[in-house]
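See below for the structure under consideration.
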Amino acid sequence: MADNFFKWFGRRKSVEKQVQQEPAEKQVQREEEATTTKVVSQIRASVNTASTSVSVTGDEALAVNAYKRALDVLAGSVARLPLLYMKRKGTIFVPFEASPYHYLLTTEPQWNMSSYRWMFQLVWRAFHDGDAYVWPRIIDGMIQELVLVGRGCCSYDNVNGTYFISDINNGVYGTFSESEVLHVMFNTVDGYHGLPLWRLGSRVLSIAATGDRETQERFAKGGNVRGIVSNDLSQGAGVGQYGKTQIDNLANEIEDKFRYNGRNVVGVPGDAKFTPFSLSSTDMQFLDSRKFCIFEISRLTGVPPVYLYDGASSNYKEPQQTDVAYLTQTLDGILRTIETEFQRKLVGRSPGRKFSFDRKGIFAMDLNSMANYQSKTLENGIYSINDWRRYENQPPVEGGDAIYISTNRAQLGSDKLSMGANQENNNGNEEDQ
C-alpha cells in the first residue's frame with residue numbers, strides 16, 4: 001500500500017517538475033496560440049453574426065436611405081394628385097364641389113392635417129406598417145372629418161368583420177363594423193391584414209443596414225484594420241518577451257493611439273509584433289453591395305432605380321420609359337386601391353357618385369409632358385381649348401368651346417378628299433388668272 005502511494009506521488013511530482021521545467025519558448029508559444037485562437041474565434045463570430053442576420057426592425061429599415069426614399073416617392077406621388085368626389089351630370093362625372101367630401105379631400109380631411117400631409121401619411125403607413133385606417137366622423141348624419149387612426153391603434157377581426165379602435169389622440173374608441181372604417185393595404189396574403197413592406201424585404205434591408213454599420217465603423221476608426229499583438233518568435237525565445245497581461249496592455253495602448261490620438265503610424269516596442277486581421281473595403285466590395293441593395297429595394301417597392309438616385313448613366317429615352325413603367329405598373333394600382341376602398345365604404349351602391357384621382361396632376365411639374373398631353377387631347381377632340389384654359393386658371397376665349405379633330409387621314413373616296421382636291425384645283429385656277 002505504501003509502495004503504491006509513493007509510486008503515485010513520485011510520478012505526480014515528476015510530472016509537475018517536467019511542467020515547471022518546460023522551456024520558456026514553448027510556454028510563450030502556447031499562450032500566443034491560445035490568445036490567437038480566442039481572438040480569431042471572436043472576430044469570426046462577429047462577422048458571421050453580421051453576415052447571417054436577416055432580422056431588421058421597422059426603425060432600422062427607415063435608416064436605409066434607399067428604402068426611406070422609395071417610401072417618400074410612393075407616398076408623394078399619390079399625395080400630389082387631388083382625390084375628387086364627383087357626381088354624374090348627364091353622361092359625364094364632374095367634381096361635386098358643394099359636397100363636404102370635396103373640402104375634406106382637397107383641403108382639410110381632419111382638423112390638424114392638410115389634405116397633402118393626410119394622404120401622404122395614409123399611403124406611407126399602408127406601405128411601411130402594412131395597414132392604414134380611416135374613421136369617418138359623422139355627426140347628425142353629416143360627415144365632419146376623416147380621422148386617420150394613429151399607428152398601432154386599430155385591429156381588425158376578420159371573423160366577425162369588426163374593427164376595434166383605441167386612439168386617444170384623435171378621441172376615437174370602440175368597436176366598429178366593416179362599413180364604418182376605411183382600411184387601406186397594399187401587401188397582403190390573406191386579403192384581410194396587410195404586411196409591412198420592410199418585413200417582406202427584411203433580408204435585403206438587413207444586408208443594407210449591416211453595410212451601413214460596417215461603413216460607419218470603418219470611418220469612425222479612420223480605416224484602421226484589426227489585428228493581433230503577439231511576441232515575435234522569429235529570432236527565437238528570449239528573456240525580453242511579454243507575458244499575457246503585458247500583451248493585453250500593449251494592444252490597448254496601440255488601439256488608443258490609432259483610434260483616439262489620430263496616429264497613422266505607431267511603434268511596437270521590444271519583441272512584440274502586430275499582425276493585421278481584416279478584409280479591405282475592396283475585398284468586401286462595399287460599393288457593389290450598396291448598388292445591389294438599391295436595385296433590390298427598387299424591385300421590392302416598385303420604384304425605378306433612377307428615382308432612388310442609383311448613379312447609373314442613362315440615354316435620353318430611358319427617363320420617359322421609366323416614367324411610363326412607374327405610372328402603369330406601380331402608381332395606377334395604388335390609386336385604384338384607394339379609390340375602390342373609398343367608393344365601397346363611403347358611397348356603396350349609390351348611383352351617380354364616385355371618388356376619382358385627378359390623374360392629370362401627374363404631369364403638373366413636367367411642363368413638356370403636360371404640353372404634349374394637352375396637345376394630344378385637343379387633336380383627338382377630348383378637350384376643348386377653354387377646358388384646358390379653365391384647368392390652368394385662365395379666362396375662356398371666344399370660340400374656345402369648339403371641339404376639333406385632326407383630319408390627317410380619311411377613307412378613300414370620302415368628301416374630305418374630294419373637297420381637298422377641289423380646293424387644290426381652285427388654287428391652281430387662281431394662279432393661272
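Out of the stretch 385-395, which residues are under 18 Å from P95 (Cα atoms) and either assigned to a helix (DSSP H, G or I) or not acidic (D, E) (or both)? Hits for the stretch 385-395 are N386, D387, W388, R389, R390, Y391, N393. Residues in the stretch 323-336 that are surrounded by fewer than 16 Cβ atoms within 10 Å (Cβ to Cβ) and of a type in the set (V, I, T) were compared, and the one that is modelled with the highest pLDDT is T328. Could we say that R336 is basic (K, R) and under 24 Å from the mean Cα position of the chain (by Cα) here? Judged against the criteria, R336 is a match.
Table: residues versus (1) farther than 26 Å from V134 by Cα; (2) modelled with pLDDT under 85; (3) more than 28 Å from the chain's Cα centre (by Cα).
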{"position": "V306", "(1), (2), (3)": "yes, no, no"}
{"position": "Y309", "(1), (2), (3)": "yes, yes, no"}
{"position": "G361", "(1), (2), (3)": "no, yes, no"}
{"position": "A364", "(1), (2), (3)": "yes, yes, no"}
{"position": "N368", "(1), (2), (3)": "yes, yes, yes"}
{"position": "G381", "(1), (2), (3)": "yes, yes, yes"}
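Highlighted here are the strands (runs of 3 or more DSSP E) found entirely within the stretch 100-203 that include at least 3 residues which are out of contact with any Pro (no Cβ under 8 Å at 6 or more places or on another chain) and over 25 Å from K87 (Cα atoms): 154-157, 162-167, 172-177. Taking I139, is it β-branched (V, I, T) and loosely packed, with under 13 Cβ neighbours inside 10 Å? Yes: the conditions hold for I139. In the stretch 380-409, the residues that are closer than 17 Å to G361 by Cα and in the same structural domain as M370 (by TED's automatic domain parsing) form Cβ pairs under 8 Å with partners that are surrounded by 10 or more Cβ atoms within 10 Å (Cβ to Cβ) and hydrophobic (A, V, I, L, M, F, W, C), at six or more places apart or across chains, as follows: W388/L378; R389/V397. Against the numbered list (1) at pLDDT below 90; (2) part of a helix (DSSP H, G or I), V54 comes up short only at (2). When the test is whether a residue is modelled with pLDDT of 90 or more, among the charged types (D, E, K, R) and more than 21 Å from the chain's Cα centre (by Cα), K68 does not pass it. Kindly establish whether V73 is buried (at least 20 other Cβ atoms within 10 Å of the Cβ), of a type in the set (V, I, T) and under 26 Å from the mean Cα position of the chain (by Cα). Taking the combined requirement at face value, the residue does not satisfy it. For the stretch 80-99, a residue qualifies if it is in contact with a Pro (Cβ under 8 Å, 6 or more places away or on another chain) and within 24 Å of I334 (Cβ to Cβ), and the qualifying residues are L84, Y85, M86.
Among the residues making up the stretch 161-174, those that are of a type outside the set (G, A, S) and either surrounded by 11 or more Cβ atoms within 10 Å (Cβ to Cβ) or on the phi > 0 side of the Ramachandran plot (or both) are T162, Y163, F164, I165, D167, N170, V172, Y173.
Taking the options W111, W135, name whichever one is over 27 Å from R336 (Cβ atoms) and assigned by TED's automatic domain parsing to the domain that holds S356.
Unique residue meeting the criteria: W111.
The values are calculated or read from the model by the stated rules, or taken from the named source; none is laboratory data. What you see is a predicted model, and the numbers here were worked out from it, not measured in a lab. Because the Cβ atoms are built from the backbone with ideal geometry, glycine has one as well, and the counts that use them run over all protein chains shown.
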